[in-house]
Structures are given as C-alpha cells and as structure tokens.
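First up is the structure itself, then whatever we jot down about it.
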Amino acid sequence: MTGIDVLVVGGGISGLSSAWWLARAGFSVEVWEAGDRPGGKILSQRQDGYLTERAAAMVMNFRPEVVELVREAGLEPAKTKRSPAAAARRYLLHQGRLESLPMRLGAFMTSPLWSLRGKLRMLAEPFIPASGDENESVSQFITRRLGREVLEKAMEPFVAGTLAADPDRACAASTLPRLTALERRYGSITAGIVANRLLHRRQGCVTDTFSFQGGMNTLINNLARTHGVQLYTRHTVQELVREQTGWRVTAMTPAGERSLQVPRVVLATPAPAAASLLAGLDAELADLLRGIRYAPVTVVHLGLDRASVQHPLDGTGFLVPRQEGRHLTGNLWMSTLFPNRAPAGKVLLCAYLGGARSPEVRDWDDNHIVAETLRALRKYLGLKAEPEMVRIDRHPQALPLYHGAYQARMQAIGARLSKFSGLYLEANYQGGVSVRDRIARGRTLAKQIQAAERHAPGRLAPLALPALGPDG
Ligand SMILES: Cc1cc2nc3c(=O)[nH]c(=O)nc-3n(C[C@H](O)[C@H](O)[C@H](O)COP(=O)(O)OP(=O)(O)OC[C@H]3O[C@@H](n4cnc5c(N)ncnc54)[C@H](O)[C@@H]3O)c2cc1C
C-alpha cells in the first residue's frame with residue numbers, strides 16, 4: 001500500500017467535496033481527474049467582460065453541511081449573496097406573458113396563475129389520503145396531492161427547468177424526497193410543514209442562495225487545494241482490480257500508465273463511466289448503472305445593453321411550463337442575481353434549452369440555437385437589439401434522470417455494491433444533483449467510511465485543516 005487512504009476517481013463537485021470531508025476526517029486522499037482541470041461540469045468563464053457559468057450558477061442552500069464547508073474552507077469572505085431584487089420575484093410564463101409567482105398566501109389567492117377551482121383543490125391537500133406507492137411519478141404524486149394545475153404551472157416547469165427531467169417519468173420519491181417524506185410521516189404535505197413549524201423542527205440553517213466572487217470556480221479551486229488532498233488531473237482511470245487487501249487502480253496519464261494500491265476507492269464519475277470501470281467486476285452492477293439515462297442541456301449566455309431590454313429584469317428569471325413552449329425551459333437573469341456578472345450598463349441573461357422535454361436541441365447547430373433563444377426572449381423580455389456577447393455551452397449528458405423505478409434501481413445498486421468492501425459510488429445520480437446535495441452527501445460518505453474504519457481500524461488520526469482563503 002502507498003500511504004493513501006482513499007482514492008477518489010473524478011474531480012467534479014461530488015469528488016472534490018467527498019475528498020474535502022474525508023481529509024477533514026483524517027484520511028489522506030488522492031483525487032484522479034480525467035480532464036485537465038478540476039470541476040467537471042462546473043466552470044466559470046470570462047468573455048468580453050461577462051462572467052458565465054457552464055453548469056451550476058449558484059448554491060441554493062438549506063443544509064448545515066454546506067454552511068460548515070463554506071466556513072471551514074475559508075470561503076465565507078468570497079461568498080456573493082443573491083441580490084434582494086432577484087430574491088423578491090420569480091416569474092412563470094403564462095399565456096405568453098411573464099407572471100410573477102406568488103410568494104405569500106394573500107398573493108397566491110389573487111394570482112391569475114391558478115383558477116379558483118385550482119386554488120380550492122390545493123387547499124384540500126390535507127384531506128387527501130397518503131399512498132404507499134414508491135414508484136409513483138412526480139406527476140401522479142403532485143396531481144393526487146395538490147391537483148393538476150399545481151403540476152402544470154409549478155412542478156412541471158420546476159422539474160423541467162432545474163432538473164431537465166420529465167415529471168411524467170420522474171420517480172417522486174427520488175426527485176422530491178422532502179415532499180414525499182412529509183406525506184409518509186404526516187399523511188400530508190401541509191400537515192407536515194405545519195407540524196415542523198410548530199415543533200421548531202428546522203433544517204438547522206437559514207435558506208440562503210449564493211455564489212462566489214469569481215463564480216463557482218472559486219469553490220472548485222478552493223476544494224482542489226484542500227490540505228490532505230492531492231489532486232492529479234489528466235489521470236483517466238481505466239481499470240479497477242480487487243486485491244486481497246484493497247484495490248489496484250490504473251490510469252492513463254500524460255507520462256504513461258500509473259497504478260496505485262489503495263484500501264478504498266470512491267467512484268465519483270457519471271454513471272456510464274462507473275459502469276465501464278465496474279463491468280469486469282460485476283456485470284449486473286454495471287448494467288444497473290448503465291441503465292441510468294442522462295438529459296442533454298444547452299446553455300445560451302447573452303450579453304446585452306441594459307437599454308435594449310424592455311423588461312425590468314426585477315427577479316431571478318423565469319420558468320416555462322410545457323404548454324407554453326418546448327425548447328426553452330428557463331432563463332436566469334444573472335446580472336440581477338449577482339454583482340459583477342456583466343460590464344456597467346449591460347445585462348447577462350442565461351437561457352436553458354432542451355432537457356428531457358426536447359432532447360433534439362442537442363443536435364441543432366449554433367445558429368439554430370441562438371435564433372430560437374432570441375425568438376423567445378424578444379417576445380417575453382422585449383429585446384430590442386442584437387446581443388453583443390453570445391456563448392453556447394453544450395452538455396450532451398447534462399443531468400441524470402431519476403426516471404422509472406429509481407428507488408428500486410438504487411437499492412439494487414446498493415445491494416450489489418455492499419459485496420465489495422472499500423468501494424464506494426458518490427455522484428449526482430444518487431441523492432440529488434445540486435451542489436448543496438453533493439456537499440451534504442460527501443459528508444455522509446466520509447462518515448460511512450469512518451464507521452467502516454472503526455470496524456477494521458487502521459492508522460488514522462484527525463488532521464487539522466487550515467482554512468484556505470478563496471484565492472489560496
Ligand atoms: C446546465 C446545468 C446547470 C446547473 N445549474 C445548477 C445550479 O444552478 N445549482 C446547482 O446546485 N446545481 C446545478 N447543476 C447541477 C450540478 O452542476 C451538477 O449536478 C454537478 O456539477 C455534477 O457534479 P459531479 O461531480 O457529480 O459530476 P461531474 O461534474 O460530471 O464530474 C465528474 C468528473 O469525473 C471525471 N471522470 C469521468 N470518468 C473518469 C475516469 N475514468 N477517470 C477519472 N475521472 C473521470 C470527469 O472528467 C468529471 O470531471 C447544473 C447542471 C447543469 C448541467
């Protein structure tokens with residue numbers, strides 16, 4: 001063995017945050033990343049004075065683990081909070097116009113988004129019986145509990161716009177774990193929310209939406225420099241062999257083949273890459289992973305003169321229900337959300353196209369993508385001029401789809417994985433795709449590995465992690 005306690009394969013946010021928590025627990029960690037930089041899908045890029053995000057644009061947090069990591073990693077001074085203007089409003093496309101989504105009960109009752117019948121149906125939620133079907137889809141769950149209008153005008157655009165998923169096929173228990181848990185525990189979502197409030201069962205931290213000065217790269221670069229973690233880029237893992245005392249992992253590197261013997265391996269790659277690495281070890285496990293489908297998403301960043309946009313851009317942005325349009329699923333107003341995203345007097349808009357709703361966008365050429373985006377934004381935001389900056393980021397496999405009998409798939413994966421001591425899977429096809437969930441799951445993984453270590457004790461002593469500032 002080499003003195004390395006854990007090898008993490010994949011340097012996206014899943015791998016990096018797992019490595020951070022593991023190092024904090026006293027493990028010595030190497031991260032092997034196939035690409036030439038850490039971050040995986042996440043990448044902040046500058047173009048013509050604009051700061052764009054290739055994937056995650058922000059952290060929407062309510063988990064104490066995220067608060068702890070940001071503080072302990074010394075990232076607090078670099079945090080940029082969502083502006084009050086952006087926090088005040090979110091819009092939904094409704095009958096071809098942007099309508100503000102109601103944030104309070106009074107505004108909800110007077111909102112034109114829902115009919116009186118739809119509002120009364122929502123208010124009946126506490127009286128709807130619970131269902132024990134763990135394979136219920138998001139559409140079935142929401143329609144049963146809250147009615148068809150909530151599905152069409154709130155949940156479908158949310159699931160399509162933020163998860164690129166199709167609510168008719170997405171597993172409710174995997175996609176909306178908090179809502180389904182409320183039903184299981186209290187028999188109703190409303191009753192669960194009221195009970196949690198009365199019992200002061202808070203999540204442990206205040207809800208907070210933020211990014212960082214310099215964008216999400218700041219988080220990535222900080223985690224990549226964690227004390228106790230050695231990151232190697234351009235290390236494409238090709239083979240994983242089980243040995244008597246652990247694992248032998250082999251990667252292709254610019255200097256040729258490199259092998260390492262380690263007691264524990266964490267595969268923090270997308271599911272298809274994990275499937276390839278595990279195919280020789282357990283064909284059924286590989287098949288279960290290969291069966292996880294991914295949705296393509298195309299991100300279009302537009303930089304414009306403020307004066308050329310008629311809409312006040314006084315909010316986070318807008319989502320698009322499927323009855324209103326197929327290709328554009330959402331639009332974030334990045335220069336309203338965070339400071340320093342666009343030069344003075346300019347705005348930065350970020351449009352999301354495709355997903356499970358219209359995967360064909362993946363095959364469009366750049367001209368087609370820009371034309372479709374501009375056609376939609378001219379109509380809804382009143383663009384009066386051409387953009388001065390255009391950037392297109394394509395993700396052929398953007399996000400894993402928690403579609404079908406996903407709970408059963410994950411249970412089967414867990415059961416097969418448990419045969420292999422010292423082998424762990426940790427990526428966004430399990431436990432949530434958001435940066436928040438990835439950070440929180442990294443901590444759970446570190447605790448799991450610590451617990452296993454207690455049963456087979458080694459040489460580990462907790463490391464004191466010095467807090468690195470955002471820039472080192
Ligand atoms: C367009 C878009 C917008 C999003 N917006 C948000 C948002 O606003 N907020 C939010 O919280 N989340 C958002 N997300 C979700 C979030 O960005 C992703 O879920 C997350 O970044 C995925 O991280 P990951 O580490 O699991 O996977 P990845 O980022 O895919 O990282 C996996 C890594 O494994 C490496 N790898 C693969 N195979 C090998 C191998 N054989 N050897 C070594 N390395 C290998 C890859 O090179 C890659 O770096 C968004 C996602 C997308 C696509």
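Here, each number is a calculation from the coordinates, and none is a lab measurement. Everything quoted here is computed from the prediction, not taken from an experiment. Counting neighbours? That spans all protein chains shown, and the Cβs are built from the backbone with ideal geometry, glycine included.
Worth pointing out:
- Separation of region 44-116 and region 235-273, taken as the distance between their Cα centroids, equals 38 angstrom.
- Relative contact order of the chain: 28 percent, from C-alpha pairs under 8 Å at least 6 residues apart in sequence.
- Site pair H227 and T253 shows an inter-label distance of 2.5 nm when each label is modelled 7 Å from Cα along Cα→Cβ.
- Net charge of the neighbourhood of M155, taken over other residues with C-beta under 15 Å away and scored Lys/Arg +1, Asp/Glu -1, is +1.
- Net charge, F338 excluded, C-beta distance under 12 Å - Lys, Arg +1, Asp, Glu -1: +3
- Charge context of T80, other residues only, Cβ under 13 angstrom, K/R +1, D/E -1: +1
- Kirkwood hydrodynamic radius of the chain, Cα pairs, Å: 23.6
- Charged-residue dipole, Cβ positions (Lys, Arg, Asp, Glu), the chain about Cα centre, Debye nearest 20: 1200
- Counting only Cβ charges, +1 for Lys and Arg and -1 for Asp and Glu, the dipole size of region 101-198 around its Cα centre is about 420 debye.
- At the listed q of 0.13, 0.16, 0.17, 0.25 Å⁻¹, the Debye profile of region 101-198, built from one uniform point per Cα, gives log10 I(q)/I(0) equal to -0.45, -0.69, -0.78, -1.42.
- Distance from region 383-407 to region 331-356 (C-alpha centre basis), Å: 14
- Here, region 284-355 has an Rg and a Dmax of 16.8, 58 Å when only alpha carbons are counted.
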